[in-house]
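Here the structure is laid out as structure tokens; the discussion comes afterwards.
The values are calculated or read from the model by the stated rules, or taken from the named source; none is laboratory data. Since the structure is predicted, the reported quantities are computational estimates derived from the model, not experimental observations. Reconstructed Cβ throughout: ideal geometry from the backbone, glycine too, with neighbour counts over all protein chains shown. We work out accessible area using only protein heavy atoms, side chains counted, and drop any ligands, DNA or RNA first. Shrake-Rupley method; radii C 1.70, N 1.55, O 1.52, S 1.80 Å.
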Amino acid sequence: MRFLFKTAYDQDLRLLQHGGQVFWYGLLCVALLAAPWWASEYVLSQLHFIAIYSIVGFGLMMLTGFTGQISLGHAAFLAVGAYTEALLQAAGVPFFISITCAALFAALVGVIVGLPALRLKGIYLAIATLAFNVIVEEIITRWHGLTGGNEGKHLKPVEILGRKLESDAEFYYLCLALTVICCLACVNLLRSPTGRAFVAIRDSEISAACLGVNLAKYKTMSFAFSAALTGVGGALYAHKLAFISPEQFTLFASIELLTIVILGGIGFLHGAVLGAAFIIVLPQVISIAKDWLPQGMAPTGLQAVVFGMILILFIIFEPLGLYGRWLKIRTWFELFPFYRKGMFRRQKSYMKSERLR
């Protein structure tokens, strides 16, 4: 087991605390940067979706995992970012300006949703965000003159400084860069007083209010920041598919986004990436498994059944998600043969955060 002996205040400000993190994160960066050379075209396309869903997962994790606000309407913020990007691109706005506007407009919508929801908690907040998702879906369906309605809108490839990113490798590097930027923004926000206020609200709103935390201010900020990241993901999502329509932003899409943070591990930024990878890879595994099943043994709704079963099993047996399971495996190897079976018993409480540096 590794012990860190800190001798200076600057050590608390470092993103990477020791040489092991430098090595493993460095190795991961090298592997991701070299992906266009070692990955096939299909695998690279799946990496696009993992990066995009990771950005959305970061946003939902900041709201649900670190502020304790449940949302069943994040597909609406995804739609806001996607349609804003589509409309601004059609108007000839440069990409970096249009994606910034998509984030800002989604943040504004997040504030509009967050303010009425300040007095709501738990299931009532979830119902309110669900209703917001339905409203946005109806707006983009009915407002045919602006959104194209059910006919949808087409998007062109991303153009930066006069160069179109038509190849998968170029778009992959764009998604990877924005994912890293969003991840660093979340990490630094969590180390700031604002991020610690988020965590305090999640753990106990009464205690946070007694300590002087402005609940209305920080809840609204959390909604805005989460919506902004989701808007960035929506803009990239629209360019990846090159076509958007209301059917892509339904309630089921919101549930799928919430599944990312639950399966990955609520309260861990790593969990957003692991959950996104799991959500993208699992349908491919199910599709391959269908080919091995006997004729007539693969029902039409097999994917939904498998997703539901996995979600229930994680909630019952592994509330900390994939990253929580990895922490237990790592601890087992570090403490072997002195590992105790009940060591993580207390971690089954709802939404524990990772240790803040």
query: What is the magnitude of the charge dipole of the chain about its Cα centre, with +1 placed on the Cβ of each Lys and Arg, -1 on the Cβ of each Asp and Glu, and no other charges, expressed in debye to the nearest 20?
result: 1480
query: With θ set to phi - 60° and the Karplus curve 6.51 cos²θ - 1.76 cosθ + 1.60, what are the ³J(HN,Hα) couplings of the stretch 64-79 in order, to the nearest whole Hz, using x for Gly and Pro?
result: 8, x, 10, 10, x, 9, 7, 9, 10, x, 6, 5, 5, 5, 4, 5
query: Among Q89, Q46, Q284, whose mean-square fluctuation peaks in a Gaussian network model of the chain (Cα, cutoff 10 Å)?
result: Q284
- request: Take a quick pass over the chain and tell me how many lysine pairs come in under 23 angstrom between Cα atoms, counting only ones 8 or more apart or on separate chains.
  value: 15
query: Mind checking the log10 I(q)/I(0) for the stretch 72-216 at q = 0.12, 0.17, 0.20 Å⁻¹? Debye, one equal scatterer per Cα, no solvent, two decimals.
result: -0.68, -1.13, -1.30
Long-range amide H partners of F243 with built H, under 5 Å: L155
- prompt: Over the stretch 222-279, what percent of the accessible surface lies on carbon and sulfur atoms, probe 1.4 Å?
  reply: 79
field: Residue with peak Gaussian network fluctuation, the chain [Cα springs, cutoff 10 Å], from A79, A91, A185
entry: A91
field: Å² per residue, accessible surface of the stretch 192-270 at 1.4 Å
entry: 34
message: Quick check on the stretch 1-131: take the gyration tensor over C-alpha atoms, sort the square-rooted eigenvalues as a ≥ b ≥ c, and tell me if it's rounded (a/c under 1.5), prolate or oblate.
response: oblate
task: Highest first, please rank the peptides 302-312, 21-31 by the mean number of other Cβ atoms sitting within 10 Å of their residues.
output: 302-312, 21-31
field: Relative contact order of the stretch 51-182, defined on C-alpha pairs under 8 angstrom at six or more residues apart (%)
entry: 31
query: For the chain, what is the calculated [θ] at 222 nm in deg cm²/dmol (nearest 500), taking -39500 (n - 2.57) for each run of four or more DSSP H residues and dividing by its residue count?
result: -22000 deg cm²/dmol
message: Through the Karplus equation 6.51 cos²θ - 1.76 cosθ + 1.60, θ set to phi - 60°, convert the phi angles of the stretch 273-284 into ³J(HN,Hα) values in whole Hz; use x for Gly and Pro.
response: 6, 5, x, 5, 4, 5, 5, 7, 7, 4, x, 5
message: If each residue of separation counts as 0.36 nm, what is the full-extension length gain between N150 and S45 once their alpha-carbon separation is subtracted?
response: 35.2 nm
